[in-house]
Amino acid sequence: MKQKELLIISVTVFITIITWIVADIYHISTTQKIVPVEASMATVKKTTIDTSVLDILQAKTNE
Amino acid sequence: MNTKDLILKLTQDTKVKDYSYAILFFLISSFFAWFVIKPVLGIAFSLDRQKKDLLVVDAVYEKSLNELIDTQSKLELIRDRVRLLDEALPAGPQTQSVLISMQSAAAKTGVSMSKISIARINLKTKGTTAETFSVNAQIDGSFAQAQSFIRELMNQRRIKTIKDLRLISVGASEQSLPAVRVNVVVDVAYL
């Protein structure tokens, strides 16, 4: 095997490995699973308490 | 020519030297790239991705916790008045208290309660939505007294709705006021 051919093979190997690394890093940064959020925590909504109802109830008698 | 001489001859050739250096450079670089650079970069990018994901999760948790804290502080403000809700909408029918409150309203307004009955109560409730049971009452008195009775009933804290109200004129009362007989059906709510 001539030295030129050996050089071509080593360059091809080098380029292949670099391409593989780039593809692998792209794969890691795009397809990794997101840590799931617990459903009970994700569904907590803003609450509003209408205190005017309590004012109305307070004005009434409890008999 | 033995091997030693051959190697010596080859290494002295500039072309062979250059090719050998280039080939070795690419092969060693490939080796390092595969066994050293790839794992390190993989871990670095993986950790970066995890950090981004965890920041999203953290934001969700933080928002939820803030909402919970906000709700807790609101509940803290009305804590001493929460009993009003229990009195207005108790857990269970508590028919006894309804009867007492209606009798109390009758006594306060001066009407005479001649009949009172409670319709069927469904005790199989889920406790999440308000249920109602009906109370039928018949009262006698003047129109003004009947009016006061209804007002008194509606002024009570326990949640009630008047489902049916019939006023029947029955002549004059003791104070020469027009007397009425009121048949009222009241829906009383409970959880």
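The values are calculated or read from the model by the stated rules, or taken from the named source; none is laboratory data. Since the structure is predicted, the reported quantities are computational estimates derived from the model, not experimental observations. For neighbour counting, all protein chains shown are included, and Cβ atoms are generated from backbone atoms with ideal geometry for every residue, glycine included.
Kindly establish whether A:VAL37 is part of a loop (DSSP other than H, G, I, E, B), facing another protein chain (nearest Cβ under 8 Å) and closer than 29 Å to B:GLY42 by Cβ.
yes
Is it the case, given these coordinates, that B:ASP18 is more than 7 Å from chain A (Cβ to nearest Cβ), in a helix (DSSP H, G or I) and in contact with a Lys or Arg (Cβ under 8 Å, 6 or more places away or on another chain)?
no
Would you mind finding the one in B:GLU67, B:GLU76, B:GLU87 that is within 30 Å of A:SER52 (Cα to Cα), in contact with a Leu (Cβ under 9 Å, 6 or more places away or on another chain), in a helix (DSSP H, G or I) and of a type outside the set (S, T, N, Q)?
Matching residue, one of B:GLU67, B:GLU76, B:GLU87: B:GLU87.
Would you point out the residue of the range B:32-49, among those that are within 19 Å of A:VAL13 (Cβ to Cβ) and facing another protein chain (nearest Cβ under 9 Å), that is surrounded by the fewest Cβ atoms within 10 Å (Cβ to Cβ)?
Taking the candidates together, the pick is B:ILE37.
Each row is one residue, and each column tells you yes or no for (1) of a type in the set (A, V, I, L, M); (2) in a helix (DSSP H, G or I); (3) within 7 Å of another protein chain (Cβ to nearest Cβ).
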position	(1), (2), (3)
A:GLU5	no, yes, no
A:ILE9	yes, yes, no
A:PHE14	no, yes, yes
A:THR19	no, yes, no
A:VAL22	yes, yes, no
A:HIS27	no, yes, no
A:THR30	no, yes, no
A:LEU54	yes, yes, yes
A:GLN58	no, yes, yes
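Scan the range B:114-150 for residues that are under 19 Å from B:ALA189 (Cβ atoms) and within 14 Å of chain A (Cβ to nearest Cβ) and jot them down.
Within the range B:114-150, just B:ALA130 meets the criteria.
Of the residues that sit in the range B:148-191 and are touching a helix residue (DSSP H, G or I) at 6+ places or on another chain (Cβ under 9 Å), surrounded by fewer than 14 Cβ atoms within 10 Å (Cβ to Cβ) and outside any strand (DSSP E or B), which one is modelled with the lowest pLDDT?
For the range B:148-191, the residue satisfying everything is B:LEU177.
Report whether or not A:THR48 is at pLDDT below 80, of a type in the set (Val, Ile, Thr), over 27 Å from the mean Cα position of the chain (by Cα) and over 29 Å from B:THR14 (Cα atoms).
It is false that A:THR48 is at pLDDT below 80, of a type in the set (Val, Ile, Thr), over 27 Å from the mean Cα position of the chain (by Cα) and over 29 Å from B:THR14 (Cα atoms).
Could you tell me which residue of the range B:64-102 is surrounded by the most Cβ atoms within 10 Å (Cβ to Cβ), considering only residues that are more than 8 Å from every other protein chain (Cβ to nearest Cβ) and basic (Lys, Arg)?
Checked the range B:64-102; the qualifying residue surrounded by the most Cβ atoms within 10 Å (Cβ to Cβ) is B:ARG83.
Please determine whether any residue of the range B:103-115 is closer than 19 Å to A:VAL53 by Cβ, touching a helix residue (DSSP H, G or I) at 6+ places or on another chain (Cβ under 8 Å) and not in a loop (DSSP other than H, G, I, E, B).
No: zero hits.
Given the conditions (1) under 36 Å from the mean Cα position of the chain (by Cα); (2) surrounded by 11 or more Cβ atoms within 10 Å (Cβ to Cβ), which single one is not true for B:THR128?
For B:THR128, the exception is condition (2).
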